[in-house]
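Asker: Let me give you the structure first, and then I'll get to my questions.
The values are calculated or read from the model by the stated rules, or taken from the named source; none is laboratory data. For clarity, every value in this text was computed on a predicted model and none was experimentally measured. With ideal geometry, Cβ positions are generated from the backbone for all residues, glycine too; neighbour counts draw on all protein chains shown. Calculation scope for accessible area: heavy atoms of the full protein, side chains included, ligands and nucleic acids excluded. Shrake-Rupley method; radii C 1.70, N 1.55, O 1.52, S 1.80 Å.
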Amino acid sequence: MKQYAYYPGCSLESMATSYNLSTLEVAQTLGVELKEIKDWNCCGATAYFPVDELLAHTLVARNLALAEKDGLSDFVAPCSACYKNAYFTNAYLKKDPDLAEHINYALEADNLHINGTMTVRHLIEVFIEDVGLDEIGKKVTHPLKGLRVAPYYGCQLLRPRKENQNVENPQFFENLLSALGAEAVDYPSKTRCCGGSLIVTNRKAALDMVHILLQDAVNRKADVIATTCPMCNVNLEVYQNQVNREFGTQYSIPVMYFTQLMGVALGIKPAKLGIGKEVVSGEPALAFAY
Amino acid sequence: MDIEMSFSEEIANVMYASHGNPITDCLQCGTCSGTCPAAEFMDHTPRTIIGLINAGYKDEVLASNTFWSCASCYHCTVRCPAGIDIADMMYALKRYSMWKGEHQEGLIGPVFAQSFVKMIVDSGRSYEPLLAPTYIFKNGPRGLVQEMQTATGLMLKGRLPLLPKKIKGLKKFRNMVRRIIPIGEPT
Ligand code: SF4
Ligand code: SF4
Ligand code: SF4
Ligand code: SF4
C-alpha cells in the first residue's frame, strides 16, 4: 500500500471536519494510506501573498520540507487552496535557485531544508489517478442512482494551470461521479469562482458570486452540489441564508464534499462521513442510498 | 545619479517570485475584464488597471479598490493571450499599497490580511473566530448579528473548535519567520 504525506490544512480541523472524516474513511476503504505530516503549519490560504511573497512561500515550504523529511514522495492536500499553494511553491523553487536559497535560509532556523522532491497532488487526483475509476466502481455497494450532482471544481484546483490540465472544460469530476452511479449534471458554472475570502473582505461581491452558482445549480435541477475545497463549501453552504436574505431567494440546496458522496456509495455509515453536520441537511437527498 | 523607476518596474519588483510575462506586454485586449467575476465590483476593470500602471498613473491605481476586490481566482491569468499573471499582479498591488500605507479608507482587505498573518505567525495555525473582532470592528452591530447567526449554526454542528490550536515547534517556527519579517524579539 502506497503511503502519502497528508496535509489536512486548518479548515479540516474546524469548519470542514466532515471533509477530514470522510477523507480518512474513504482512503482507508480504498487502501490509500494517508500519513499526516507532523506539526504542520497553516499554509496561509490567500492571505499571506498580499503581505509578503517570500514569507508566503516559506510557510508553504516548511510543510513540504517536513514531508520530505519523512521520506515520502507525494504530498496530498484536500483543500484546493493548500494544494495550489504547495504546488506552485514546489514548482517555483525548483526553477528558481535564488528563491530556494532564500527559503532554505529561513527554514534552517527550524532545522529544515527543502529540495523540491515532492510531487504535490490534490486528494481527488489520488483517488482518480492512483486508485482508478474502475477500482472505485468495483467497490461501490450503494450506487447513487438518480442522484443529480453538480460537480463544482472552483478555482484553485484548476488554476493557475498545472502542467497540461484542461482548465476550461475538465471532465474528471463528472467521471468520478458517474463511477459512483450518480448523474453528473452539466453545470456551466463549475469552474466559476465562489468569491473565496471576499466573503470576509467584500461580502457583497462574494454573495453575488455565490448567488450565481446556486441559481445555476437550481436551473440544472441538481439535488446536491459537490465540492473539492473547504472554502468553496463554506461559501456555498454556510452563506446560503445570507444569499437568501440579500436576494430574496429561497435556496436550500445541500453542498457536500466529494468524499462524502464517495463514502455513501462505498457503503460507509453517514455519521462516519460527518453527514449531519451540514447547515443545509444533505440527509434527505442521500437517504435513498441506504 | 538618480535612476527613476517606472511604476510598472516597481510593481515588477514586488513580484519577485512570480513567473508570468512582464505586465508591459499587455495588449489591452480586455479578455481579463471579460472573464473577471468580480469586475462589476471594481472601480477600474483589470484591463484598465494594467493600462493605468503601464502609463504610470500611480495615484489612481493605489486609490482604486480593484485589487482589493480580486478573489484570486486566476481565471484572467489562464486566459491572458500575453501570458501575464494578472492575479499575481493583483497580489503585488496589495503588497505595494500596504507597504506604502496607501489604500482606500474603510477597506477590510488590508486589516484582514494583516490579522490573518499575525494569527499564523503567533500560533502556526489559523482559527477563524480570531478574525471576528476585526470583522465586527469594520461592520458594526448589524454585521455582528448576521455573523453570529452563521457562526452559531456552525457551533451547534460541532464545526468550530473552542480554542485555537498551536503547533508544537512554535519557537523554532517563529525563528524561521523572523528571518523574513520583523515580528519582535524571541521570548
Ligand atoms: S489554505 Fe485554508 S485550509 Fe489550507 S491551511 Fe490554509 S487556511 Fe488552512
Ligand atoms: S472556488 Fe472559491 S474557495 Fe474555491 S478556490 Fe475559488 S475562490 Fe477559493
Ligand atoms: S487579458 Fe492580458 S493582454 Fe488582455 S488586457 Fe488583460 S492583461 Fe492585457
Ligand atoms: S483573479 Fe482577480 S482579477 Fe483575475 S479574474 Fe479572478 S477576480 Fe478577476
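Asker: Taking interchain pairs and intrachain pairs at least six residues apart, which have beta carbon atoms under 6 angstrom, with the first residue in segment A:235-246 and facing chain B (nearest Cβ under 7 Å) and the second open to solvent by 30 Å² or more (accessible area, probe 1.4 Å)?
Answerer: Pairs found: A:Val238/A:Val279.
Asker: Looking only at segment B:69-84, which residues are within 7 Å of chain A (Cβ to nearest Cβ) and touching a residue at least 40 places away in the same chain (Cβ under 8 Å)?
Answerer: Across segment B:69-84, the qualifying residues are B:His75, B:Thr77.
Asker: Next question. Of the residues that make up segment A:125-145, is at least one touching a residue at least 24 places away in the same chain (Cβ under 8 Å), of a type in the set (A, V, I, L, M), more than 8 Å from chain B (Cβ to nearest Cβ) and crowded, with 23+ Cβ neighbours inside 10 Å?
Answerer: Checked against the condition, which is being touching a residue at least 24 places away in the same chain (Cβ under 8 Å), of a type in the set (A, V, I, L, M), more than 8 Å from chain B (Cβ to nearest Cβ) and crowded, with 23+ Cβ neighbours inside 10 Å, segment A:125-145 yields at least one hit.
Asker: Further question: State whether the residues of segment A:170-189 include one that is within 16 Å of ligand 1 (Cβ to nearest atom) and either among the basic types (Lys, Arg) or under 19 Å from A:Met231 (Cβ atoms) (or both).
Answerer: no
Asker: Further, regarding this structure: Cβ-Cβ distance below 7 Å, separation of 6 or more or different chains: which pairs start in segment B:32-60 with a residue that is of a type in the set (Ser, Thr, Tyr) and end on one that is in a helix (DSSP H, G or I)?
Answerer: Once the first residue is of a type in the set (Ser, Thr, Tyr) and sits in segment B:32-60, its partners that are in a helix (DSSP H, G or I) give B:Ser33/B:Ala39; B:Ser33/B:Pro46; B:Ser33/B:Arg47; B:Thr35/B:His75; B:Thr35/B:Cys76; B:Thr35/B:Arg79; B:Thr45/B:Ser33; B:Thr45/B:Ala39.
Asker: Just to be sure before I move on: is A:Glu168 more than 16 Å from ligand 2 (Cβ to nearest atom), among the acidic types (Asp, Glu) and either at negative phi or open to solvent by 30 Å² or more (accessible area, probe 1.4 Å) (or both) in the structure I sent?
Answerer: no
Asker: I would also like to ask the following. Quick check on segment A:108-123: of everything there that is of a type in the set (A, V, I, L, M, F, W, C) and out of contact with any Phe, Trp or Tyr (no Cβ under 6 Å at 6 or more places or on another chain), which residue is surrounded by the fewest Cβ atoms within 10 Å (Cβ to Cβ)?
Answerer: So, considering only residues that are of a type in the set (A, V, I, L, M, F, W, C) and out of contact with any Phe, Trp or Tyr (no Cβ under 6 Å at 6 or more places or on another chain), the one surrounded by the fewest Cβ atoms within 10 Å (Cβ to Cβ) is A:Ala109.
Asker: Moving on. If we scan segment B:68-80, do we find a residue that is buried (at least 20 other Cβ atoms within 10 Å of the Cβ), over 18 Å from A:Asn85 (Cβ atoms) and under 14 Å from the mean Cα position of the chain (by Cα)?
Answerer: The answer is yes; a qualifying residue exists.
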